[in-house]
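Q: Can you keep this structure in mind? I'll have questions shortly.
The values are calculated or read from the model by the stated rules, or taken from the named source; none is laboratory data. A quick note: this is a predicted structure, and the numbers were derived from the prediction, not measured. Note: ideal-geometry Cβ built from the backbone for every residue, glycine included; neighbour counts use all protein chains shown.
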Amino acid sequence: MTVARATPADLDDLIWLFAGYLNFYDVPQPAAPIRSFLGERLERGDSVIFLARDEEGRAQGFVQLYPIFSSLSLRPAWLLYDLFVSPEARRQGVAEMLMNAARAHAEATGACGLQLETARNNLTAQALYEKLGYVRDEVFHTYWLALPGRPAE
């Protein structure tokens, strides 16, 4: 298994993995808007995506990071927003490899840390995060304000 930073050439492989990720969270989308969304991230460089491939070169999982800043630390940080491993590749260490690639990237860019959220019932993911040294925040609550979508251009 190898993990490398994704480029626009990886877009076709990322689309089906991202579709699986969206299905996991019960928000399925057709391929066209996924292609557009991921293509923009890769072209603009406003996120970093790492892609895991097996020995035959088949895409098995991905992690997507967004840059953020820690005002309290006066340093950059990364938001680990998306992590997905294809069902047939689970329990083979792929998620851990992707998480380690995210950490290595954060360290290499001088970040003060990585932040992530996961569903309260995603106990498998929580166990992995805690195994890797992530600490659950018991002080702050997360809030979300949904805004109306903008019209299509």
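Q: Note down all Cβ pairs under 8 Å where the first residue falls in segment 107-127 and is more than 17 Å from residue 78 (Cβ to Cβ), the second is of a type in the set (Lys, Arg), and they're at least six residues apart or on different chains.
A: Sorted first by the residue in segment 107-127, then by its partner, the pairs are 126/136.
Q: Can you say whether residue 136 is assigned to a helix (DSSP H, G or I) and charged (D, E, K, R), as far as the supplied structure shows?
A: no
Q: Further question on the same structure: Tally time: how many residues in segment 6-23 are out of contact with any helix residue (DSSP H, G or I) (no Cβ under 9 Å at 6 or more places or on another chain) and surrounded by 13 or more Cβ atoms within 10 Å (Cβ to Cβ)?
A: 3
Q: Restricting to segment 1-14, give me the number of residues that are in a strand (DSSP E or B) and either among the charged types (D, E, K, R) or at positive phi (or both).
A: Looking only at that region, the number is 1.
Q: Still on this model: Quick check on segment 15-48: of everything there that is in contact with a strand residue (DSSP E or B) (Cβ under 8 Å, 6 or more places away or on another chain), over 15 Å from residue 59 (Cβ atoms) and part of a helix (DSSP H, G or I), which residue is modelled with the highest pLDDT?
A: Once the filter is applied, the top-ranked residue is 41.
Q: Quick check on my filter: what residues within segment 49-70 are out of contact with any strand residue (DSSP E or B) (no Cβ under 9 Å at 6 or more places or on another chain) and either within 15 Å of residue 93 (Cα to Cα) or surrounded by 12 or more Cβ atoms within 10 Å (Cβ to Cβ) (or both)?
A: 58
Q: Can you name the residue in segment 105-153 that is of a type outside the set (Ser, Thr, Tyr) and touching a Pro at 6+ places or on another chain (Cβ under 8 Å) and, of all such residues, is surrounded by the most Cβ atoms within 10 Å (Cβ to Cβ)?
A: My answer is 111.
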